[in-house]
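Colleague: My structure is below; once you've seen it, I'll send some questions.
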Amino acid sequence: MTTRYRVEYALKTHRRDQFIEWIKGLLAVPFVLYSQPTGILSSDVESIARHSNEAHRRYAEILRDVEHMIDDHISRQNTHDIIPSKLNMLVPTAGPFFTRLPLEAAFKYQDSRRHISSRRYVSPSFNDVRLTLNSAQAMAVTAGSLQLATFDGDVTLYDDGQSLEPSSPLVPRILDLLRRDVKVGIVTAAGYTTADRYYERLHGLLDALAASPDLTPRQKRNVVVMGGEANYLFEVDPDAGPSRLRAVPRAEWLTPEMAAWSEAGIAALLDVAEAALGDCIRSMRLPAVIVRKDRAVGIIPSDPSIRIPRESLEETVLVVQRILELSTLGFRAERSVPHPQQADTPPERSPGSVQEADEEEEGEEEEEEERRKRSRGKMHKKHKKIPFCAFNGGRDVFVDIGDKSWGVTVCQKWFAMRDGDPDGMIGGKNTLHVGDQFLSAGSNDFKARSVGTTAWIASPAETVELLDELAALMDGKRTEVEAN
């Protein structure tokens, strides 16, 4: 039973996106009905074209229906309707949505590139749906006002373990975003405490930024680096020396919720995580060593030439995650608003006439309950749980304090504060986070979904395509494609 649970649930269910899998299942029906596979290559061009057109029509209709279901979900989400939407009942993990998603138009665009409707043996795939969702999100966020684009580092801006070189095609595309007054945040799990280490990874962009003749001084400062998920903030500063980055003291950017995380609580959480990682190394005989930092702890291969199996890394993530969740120190819960506070007010009494003696007795009980709640509140503040992120980095496993939802939130608040609004922040509908890790197990970009729109890419080449798509949409050059 234990083995079946680990294989079927821990290593499979956690490696899927239920919303994408659900859409993929819907598209499988017209594929079966209209794909018309044959044993030989048919020369009946008209018949093939007819079936392809019919498949295209049915795929587009299905995605239009899903689009309408998302619209209904958003209307209920925004009014805090206690009755769940149809989408929520079918896919409980879907949402939150910050914008509507024009899925029909996005599918037509992707079909013109990937020729999904013309395939007869391969049904619409996970990647087909993922890229369609990316296109829909790009259309939605540019239809409004894109103010902030945040990016993961490894596998998003550069290959795993590599750096953003001057020759990277992403450098001119990020500079193009800055010319359009879109602010840029690089939110990475790399937890370096000094600016020179981030310069090593991002020197291609930082040098091009400093040398660019057509960016204003203000536009050049519209770049920040958030390291360690949400623990180290650096802003571009031409006067900062060779690294071109200035470390921003935590006191200047911590949100009130983050400021409430005690150093003793952080250290205690990392102690528990370190012990759990040590147990995993011993129980699975992993060729790994533990690395402890001030805001993170993890394991890396004992020899750089060794590659720890993916299954072992995922097992480690799930074990550590579970141990920390069961402890009194950390929580990994999703949040629709930043760190909601528990209410300490007693429940309202139901209206109605009661005898005076009963009223006095109820009053005493309410006073006693209120005293107990205040006492629990004091204990809660003393032992406040701290959010964490346990993730599989491909070659290692790390547990960071906070997660990328906090990192993106800091970017949203930092740029608003710098622009003269100390109590404001860039909205989720005006934010796009681009990353490669959006599966729920050991994936650190997943949490960014709770604070802004997202695009799920699989390589730096896909990031290039996405930025080209964004640029075309902002220039108004995509209308003819979407209309087809």
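Colleague: Based on this model, can you work out whether Glu67 counts as of a type in the set (D, E, K, R) and touching a Leu at 6+ places or on another chain (Cβ under 7 Å)?
Modeller: Against the criterion (of a type in the set (D, E, K, R) and touching a Leu at 6+ places or on another chain (Cβ under 7 Å)), Glu67 qualifies.
Colleague: Next question. Which residues, counting only those in region 156-179, are open to solvent by 40 Å² or more (accessible area, probe 1.4 Å) and within 16 Å of Arg201 (Cα to Cα)?
Modeller: Once the filter is applied, which keeps residues that are open to solvent by 40 Å² or more (accessible area, probe 1.4 Å) and within 16 Å of Arg201 (Cα to Cα), region 156-179 yields Asp159, Asp160, Gly161, Gln162, Glu165, Pro166, Ser167, Pro169.
Colleague: I'd like to know if region 408-429 contains one or more residues that are in contact with a strand residue (DSSP E or B) (Cβ under 7 Å, 6 or more places away or on another chain), open to solvent by 10 Å² or more (accessible area, probe 1.4 Å), among the aliphatic types (A, V, I, L, M) and within 23 Å of Pro256 (Cα to Cα).
Modeller: Yes, region 408-429 has at least one match.
Colleague: Would you pick out the residues in region 270-291 that are under 16 Å from Gln321 (Cα atoms) and either open to solvent by 20 Å² or more (accessible area, probe 1.4 Å) or touching a helix residue (DSSP H, G or I) at 6+ places or on another chain (Cβ under 7 Å) (or both)?
Modeller: Asp271, Val272, Ala273, Glu274, Ala275, Ala276, Leu277, Asp279, Cys280, Ile281
Colleague: Which condition number in (1) more than 30 Å from Ile48 (Cα to Cα); (2) part of a loop (DSSP other than H, G, I, E, B); (3) at pLDDT below 95; (4) in contact with a Ser or Thr (Cβ under 7 Å, 6 or more places away or on another chain) is the one that Thr99 fails?
Modeller: Of the numbered conditions (1) more than 30 Å from Ile48 (Cα to Cα); (2) part of a loop (DSSP other than H, G, I, E, B); (3) at pLDDT below 95; (4) in contact with a Ser or Thr (Cβ under 7 Å, 6 or more places away or on another chain), the odd one out for Thr99 is (3).
Colleague: Has region 431-452 got any residue that is among the β-branched types (Val, Ile, Thr), over 15 Å from the mean Cα position of the chain (by Cα) and outside any strand (DSSP E or B)?
Modeller: No, region 431-452 contains no residue that is among the β-branched types (Val, Ile, Thr), over 15 Å from the mean Cα position of the chain (by Cα) and outside any strand (DSSP E or B).
Colleague: I've got another one for you. Going by the conditions given, is Gln147 of a type in the set (S, T, N, Q), open to solvent by 20 Å² or more (accessible area, probe 1.4 Å) and in contact with an Asp or Glu (Cβ under 9 Å, 6 or more places away or on another chain)?
Modeller: So Gln147 fits the description; yes.
Colleague: What are the pairs with Cβ atoms under 7 angstrom where one residue, in region 277-304, is free of Cβ contacts under 8 Å to residues at least 40 places away in the same chain and in a loop (DSSP other than H, G, I, E, B) and the other, located anywhere, is among the aromatic types (Phe, Trp, Tyr) and open to solvent by less than 50 Å² (accessible area, probe 1.4 Å)? Sequence gap at least six, or different chains.
Modeller: The qualifying pairs do not exist here.
Colleague: How about region 43-81: which of its residues are under 26 Å from Phe446 (Cβ atoms) and outside any helix (DSSP H, G or I)?
Modeller: Passing the criteria: His80, Asp81.
This table checks each residue for (1) modelled with pLDDT under 95; (2) under 19 Å from Val182 (Cα atoms); (3) open to solvent by less than 60 Å² (accessible area, probe 1.4 Å); (4) outside the structural domain of Arg173 (by the TED database).
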residue	(1), (2), (3), (4)
Pro217	yes, yes, no, no
Phe234	no, yes, yes, no
Asp237	yes, yes, yes, no
Gly241	yes, no, yes, no
Trp253	no, no, yes, no
Glu257	yes, no, yes, no
Ser262	yes, no, yes, no
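The values are calculated or read from the model by the stated rules, or taken from the named source; none is laboratory data. All values reported here derive from a predicted model rather than from experimental measurement. Cβ: placed from backbone, ideal geometry, glycine included. Neighbour counts: every protein chain shown. Calculation scope for accessible area: heavy atoms of the full protein, side chains included, ligands and nucleic acids excluded. Shrake-Rupley method; radii C 1.70, N 1.55, O 1.52, S 1.80 Å.
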